[in-house]
Amino acid sequence: MKFSSSSPLRGCLNVPGDKSISHRSVMFGALAKGTTEISNFLKGADCLSTISCFRSMGVDIQETDQTILVRGKGLHGLRRPDHVLDCGNSGTTTRLISGILAGQDFDVTLTGDESIQKRPMKRIIEPLSLMGAHILSVRGNDCAPLSISGSHLHGISYSTPVASAQVKSAILLAGLYADGETRVTEPARSRNHTELMLASFGADVKTEGTTAIIRPAKELFSQSIQVPGDISSAAFFMAAALLVPGSEVLLKNVGINPTRDGVLRVFRQMGGEIETVSQTSRAGEPAADLLVRSSRLHGTEIGGDIIPTLIDELPVIAAAACFADGVTVIRDAAELKVKESNRIQAMAENLTAMGADVTETEDGMIIRGGKPLHGAVIDSRNDHRIAMTFAVAALASQGEVSIPQWDCVNISYPAFLDDLRSLMG
Ligand code: S3P
């Protein structure tokens with residue numbers, strides 16, 4: 001795919017449903033009693049992997065144009081799949097499903113694509129094993145494939161070394177099946193969609209500071225879920241509208257949960273004009289229409305507790321920082337190295353190829369903004385967020401940006417090109 005500099009972006013966009021919330025709506029719907037109806041579900045490859053795993057365990061899931069219907073089996077109604085569960089490229093599927101499988105009464109093996117088989121799973125193997133789970137990395141390298149034999153689980157009090165909603169959620173989901181209270185304390189607060197949604201399904205879950213606490217559940221009850229737009233997808237169009245002179249874009253119904261809204265805070269801190277036009281809230285998940293106007297940006301420092309609230313947006317924030325006046329420093333973001341690709345390296349190498357002044361550090365990068373960027377061939381490493389980030393960077397650069405491995409955008413945003421074209425008129 002090829003991109004080059006753009007005329008002003010104008011118009012209004014409904015970004016697709018939130019990926020994290022879409023995954024959870026299918027998983028919790030599958031474990032509930034009754035039929036869960038989900039609207040604005042993200043039909044990206046990652047969430048389709050979750051659907052396919054639960055179908056393999058006997059859950060009836062129907063897709064229509066507008067909604068997904070999940071006919072729940074109850075907490076103890078899943079059946080042993082007759083093949084290896086394929087989680088595709090999805091870390092959320094792999095880690096959350098492991099927490100659920102730990103408490104079943106059958107054995108299963110799960111795996112995923114080349115990238116998933118390199119991502120660290122010790123972070124879930126360790127706490128789930130402490131709960132009594134039998135979970136093993138088949139190749140002994142602490143990565144997938146994982147073999148999980150359902151067992152009797154105990155509640156634990158666990159402190160995670162990194163802030164990770166996937167790890168926290170795996171432990172909380174196992175906690176549904178445990179014989180006592182389970183507590184997970186994080187170094188900083190990660191996204192809380194699991195806690196909010198499990199509570200709406202009737203689970204006894206609460207939060208104290210950076211600790212999430214769950215008590216075992218007898219039953220979960222089906223819900224009607226309206227998934228808000230994904231702020232991680234909206235971030236590409238926020239950046240594009242901020243960077244391309246003369247742009248004005250209204251992004252509708254974007255989820256702005258405070259554990260996810262770091263990108264808004266950082267862009268505003270950099271001088272970005274982003275106005276919250278109207279706000280709603282459903283099942284504790286706030287959403288807003290955001291009016292974004294092209295702005296002159298300046299550099300900033302990003303580190304500490306804000307990092308988990310914008311971890312997936314750091315690639316596009318780093319790209320935007322190349323067009324800002326002054327220096328931007330990103331620190332405390334070593335987690336970027338273990339995402340779908342090593343995103344610190346992917347950003348530093350590709351931005352440098354476009355002429356940017358970027359230094360890779362152990363836990364982030366230093367970007368000296370203001371150098372004009374030019375065309376290049378981008379190595380997306382088959383990472384959806386890297387591919388879309390460089391499509392955005394191209395819109396404000398001179399020359400042609402070519403992204404040969406483009407299809408990976410289907411992981412989280414199959415309609416990205418259509419949506420971009422709609423704003424280009
Ligand atoms: C996610 C949590 C984050 C995020 C990922 C989705 C989730 O991962 O990067 O895209 O849905 O829980 P970590 O838990 O590894 O931080």
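The values are calculated or read from the model by the stated rules, or taken from the named source; none is laboratory data. Values in this document were obtained by computation on a predicted structure and should not be read as measured data. Here the Cβ is made from the backbone with ideal geometry for all residues, glycine too, and neighbour counts use every protein chain on show. Just so you know, the surface numbers come from the protein's heavy atoms only, side chains and all, with ligands and any DNA or RNA stripped out. Shrake-Rupley method; radii C 1.70, N 1.55, O 1.52, S 1.80 Å.
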Exposure rank, largest accessible area first [Arg296, Arg331; 1.4 Å]:
Arg296, Arg331
Going by accessible area, probe 1.4 Å, with all protein chains left in place, what is the ranking of Lys339, Lys122, largest first?
Lys122, Lys339
Where segment 60-177 is the region considered: accessible area per residue in Å², 1.4 Å probe:
39
What is the helix-to-structure angle for 231-243, meaning the angle in degrees between its Cα long axis and the longest Cα principal axis of the chain, kept from 0 to 90 and rounded to the nearest 10?
0
Skipping prolines and chain starts, which residues have an amide H placed within reach, meaning under 5 Å, of the one on Val138, given they are 5 or more residues away or on another chain?
Leu146, Ser147
How would you rank 88-94, 279-285, 201-207, highest first, on the average number of other Cβ atoms within 10 Å across their residues?
88-94, 201-207, 279-285
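What is the percent carbon and sulfur in the accessible area of the chain, measuring with a 1.4 Å probe over the protein chains and ignoring ligands?
Carbon with sulfur: 48 percent of the solvent-accessible area.
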Hey, what did segment 306-425 get for relative contact order, percent, Cα under 8 Å, at least 6 apart?
23
Output ³J(HN,Hα) for segment 255-262: one whole-Hz value per residue in order, computed from phi by the Karplus curve 6.51 cos²θ - 1.76 cosθ + 1.60 with θ = phi - 60°, and x for Gly and Pro.
x, 10, 3, x, 7, 10, 9, x
Please count, across the chain, the pairs of lysine residues with Cα atoms under 18 Å apart that sit 8 or more places apart or on different chains.
15
Counting Lys and Arg as +1 and Asp and Glu as -1 over every other residue whose Cβ sits under 12 Å from the Cβ of Asn253, the net charge comes to -2
Tell me the angle of helix 165-175 to the major Cα principal axis of the chain, expressed in degrees between 0 and 90 and rounded to the nearest ten.
10
Can you give me the Cα centroid spacing of segment 208-280 and segment 361-396 in angstrom?
22
Can you bin segment 331-385 into rounded, prolate or oblate? Criterion: square roots of the alpha carbon gyration tensor eigenvalues sorted a ≥ b ≥ c, rounded for a/c under 1.5, prolate for a/b above b/c, oblate for the rest.
oblate
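Charges only on Cβ, +1 for Lys and Arg, -1 for Asp and Glu: so what's the dipole of segment 295-425 about the Cα centre, in debye to the nearest 20?
Taking the Cα centre of segment 295-425 as origin, the dipole is about 300 debye.
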Tell me, Kirkwood radius of segment 272-329 from alpha-carbon pair distances, in Å?
13.4
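Hey, what's segment 320-412 come to in accessible area per residue, 1.4 Å probe, Å²?
Per-residue value: 34 Å².
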